[in-house]
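Enquirer: Here it is, the structure, as structure tokens.
The values are calculated or read from the model by the stated rules, or taken from the named source; none is laboratory data. Since we're looking at a predicted model, the values are computed, not measured. Here the Cβ positions follow ideal geometry from the backbone for every residue, glycine too, while neighbour counts run over all protein chains shown. We work out accessible area using only protein heavy atoms, side chains counted, and drop any ligands, DNA or RNA first. Shrake-Rupley method; radii C 1.70, N 1.55, O 1.52, S 1.80 Å.
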Amino acid sequence: MNLTKLLIVSVILFVASGCGYNSGIKSEAAASYLYFTGAAEGVEVSIDNVPAFTVTKTGIANQYRISPGKHIIVITRDSQIIVKRELLLGDGHEKEIYIP
């Protein structure tokens, strides 16, 4: 009799604990990505007149995160502008920028 009550209570507890699953929507921050190809090592990249960063590695495996939207990309080498582009990036998009 005690074993039966223990079994019934255990089953009720297992069923009740399974109903406590909390489902929800997880949303990551919106992001787009740039990557550089060609002779890009050592060039300086400025996005929307923010202080420039230097590209150290090239290729699709080395992406730089950027917010989605409209951006002006200025790439310089030895203080000379090589590339100046206006880009429109959507959420999750990747954009290749070829450096001659």
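Enquirer: Can you give me the accessible area per residue for the chain, using a 1.4 Å probe, in Å²? Each step should come with its number before you reach the end.
Expert: Working: 7490 Å² over 100 residues.
The answer is 75 Å² per residue.
Enquirer: Could you state the angle between the C-alpha long axis of helix 2-18 and the longest principal axis of the C-alpha atoms of the chain, as a value from 0 to 90 degrees rounded to the nearest 10?
Expert: Relative to the chain, helix 2-18 is tipped by roughly 20 degrees.
Enquirer: Continuing with the same structure: How much net charge surrounds Phe36 when only other residues with a Cβ under 13 Å from its Cβ are counted (Lys, Arg +1; Asp, Glu -1)? Walk me through the intermediate numbers first.
Expert: Numbers: positive: Lys57, Arg77, Arg85, Lys95; negative: Glu41, Glu44, Glu94, Glu96.
Counting the neighbours of Phe36, the net charge comes to 0.
Enquirer: Here is a follow-up. Report in % the part of the accessible area of the chain that belongs to carbon and sulfur, leaving out ligands and nucleic acids; probe 1.4 Å.
Expert: Numbers: 4240 of 7490 Å².
Within the chain, the accessible surface is 57 percent carbon and sulfur.
Enquirer: Between Ser46, Ser79, Ser67, find the one with the highest GNM mean-square fluctuation for the chain; connect C-alpha pairs within less than 10 Å.
Expert: Top of the fluctuation ranking is Ser79.
Enquirer: Further, regarding this structure: Check Gln63: other-chain or 5+ apart residues with amide H under 5 Å from its amide H, H built from backbone geometry?
Expert: Correct list: empty.
Enquirer: Go ahead and estimate [θ] at 222 nm for the chain from helices alone: -39,500 (n - 2.57) per DSSP H run with n ≥ 4, summed, over the residue count, rounded to 500. Can you show the working numbers first?
Expert: Numbers: 1 runs with 17 residues, N = 100.
Taking each H run of at least 4 residues, the total per residue is -5500 deg cm²/dmol.
Enquirer: Next up: Provide the solvent-accessible area of Asp78, counting protein heavy atoms only and rolling a 1.4 Å probe, rounded to the nearest 10 Å².
Expert: Using a 1.4 Å probe on the heavy atoms, I get roughly 140 Å².
Enquirer: Mind ranking Arg65, Arg85 by accessible surface for me, highest first, 1.4 Å probe?
Expert: Working: Arg65 155, Arg85 85 Å².
Per-residue accessible area, sorted high to low, gives Arg65, Arg85.
Enquirer: Once amide H atoms are built 1.01 Å from N in the peptide plane, which residues 5 or more positions from Val83, or in another chain, come under 5 Å H to H?
Expert: HN-HN under 5 Å from Val83: Ile75.
Enquirer: When DSSP assigns beta bridges and you keep just the ones with both residues in the chain, what percent turn out antiparallel, to the nearest 5? Walk me through the numbers before you get to the answer.
Expert: Values: 18 of 24 bridges.
Just about 75 percent of them are antiparallel.
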